[in-house]
1. Name the one entry in Leu95, Leu36 that is touching a strand residue (DSSP E or B) at 6+ places or on another chain (Cβ under 9 Å) and surrounded by fewer than 18 Cβ atoms within 10 Å (Cβ to Cβ).
2. Which numbered condition in (1) in a strand (DSSP E or B); (2) in contact (Cβ under 8 Å) with a residue 60 or more places away in the chain is the only one that Ala60 fails?
3. Quick check on Val29: is it hydrophobic (A, V, I, L, M, F, W, C), in contact (Cβ under 8 Å) with a residue 40 or more places away in the chain and assigned to a helix (DSSP H, G or I)?
4. Let me confirm something: among Leu91, Leu121, which residue is in the same structural domain as Ala38 (by TED's automatic domain parsing), closer than 20 Å to Leu14 by Cα and at pLDDT 95 or above?
5. Can you find a residue in the range 90-102 that is closer than 17 Å to Leu27 by Cβ and of a type in the set (A, V, I, L, M, F, W, C)?
6. If I go through the range 64-83 residue by residue, how many of them are surrounded by fewer than 19 Cβ atoms within 10 Å (Cβ to Cβ) and either in contact with an Asp or Glu (Cβ under 8 Å, 6 or more places away or on another chain) or of a type in the set (S, T, N, Q) (or both)?
7. What about Ala61, is it among the hydrophobic types (A, V, I, L, M, F, W, C), under 22 Å from Asp22 (Cα atoms) and buried (at least 17 other Cβ atoms within 10 Å of the Cβ)?
8. So which of Asp19, Asp43 is in a helix (DSSP H, G or I), without any contact (Cβ under 8 Å) to a residue 12 or more places away in the chain and out of contact with any Ser or Thr (no Cβ under 8 Å at 6 or more places or on another chain)?
Amino acid sequence: MPDVALLMGSDSDLEHVQDGIDALKKLGVSWEARVLSAHRTLDALQDYVRKSDAKIFIAAAGGAAHLAGVVAALTTRPVLAIPIPSALNGLDSLLSMVQMPGGVPVATFAVGKAGARNAALFAAQILALSDAKLSKKLADQKRAMADEVAAKDEALQKKLRG
């Protein structure tokens, strides 16, 4: 079984979570993605979560966005939520996810693609607590981002002086 189970309420969510999948792939984190709806396939969702050996669940949904909350009700493992843009630019999804009752924690990220990438990276950071190789990959990735920004700043400074 994968370390991370990425669940989407609809196949149309894939375009919003692809950056997260790419981040998991780049880090070598095992994952699988499924379309399971809290409203339309509740029995299948419950069966999947109860049988899954995934260490972390990432749930992406739009609109009423109950997927992450239902998953969190079924497991004691970490649940990370990605609000998908919908009728109110994702605000409706975001509010559905962050307003969980006490005792049913769901870590909620930004709406859309940035949230998907950050949820994947956060899942990797959790896994890296017990995986030195993954921890090194994450540290290398942070250094590469810093180097990229420094290079862009240097190029800007040359352009402004030029």
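The values are calculated or read from the model by the stated rules, or taken from the named source; none is laboratory data. Quick caveat: nothing in here was measured; it's all calculated off a predicted structure. For neighbour counting, all protein chains shown are included, and Cβ atoms are generated from backbone atoms with ideal geometry for every residue, glycine included.
1. Values: Leu36 fails: surrounded by fewer than 18 Cβ atoms within 10 Å (Cβ to Cβ).
Going through Leu95, Leu36 in turn, the sole match is Leu95.
2. So the condition that Ala60 fails would be (2).
3. Details: hydrophobic (A, V, I, L, M, F, W, C): yes; in contact (Cβ under 8 Å) with a residue 40 or more places away in the chain: yes; assigned to a helix (DSSP H, G or I): no.
So Val29 fails the test.
4. Values: Leu91 fails: at pLDDT 95 or above.
Only one candidate qualifies: Leu121.
5. Start the filter on the range 90-102 by keeping residues that are closer than 17 Å to Leu27 by Cβ, which leaves none.
No - not one qualifying residue is present in the range 90-102.
6. Within the range 64-83, residues that are surrounded by fewer than 19 Cβ atoms within 10 Å (Cβ to Cβ) and either in contact with an Asp or Glu (Cβ under 8 Å, 6 or more places away or on another chain) or of a type in the set (S, T, N, Q) (or both) number 3.
7. Details: among the hydrophobic types (A, V, I, L, M, F, W, C): yes; under 22 Å from Asp22 (Cα atoms): yes; buried (at least 17 other Cβ atoms within 10 Å of the Cβ): yes.
Spelling it out, Ala61 is indeed among the hydrophobic types (A, V, I, L, M, F, W, C), under 22 Å from Asp22 (Cα atoms) and buried (at least 17 other Cβ atoms within 10 Å of the Cβ).
8. Numbers: Asp19 fails: without any contact (Cβ under 8 Å) to a residue 12 or more places away in the chain.
Answer to the selection: Asp43.
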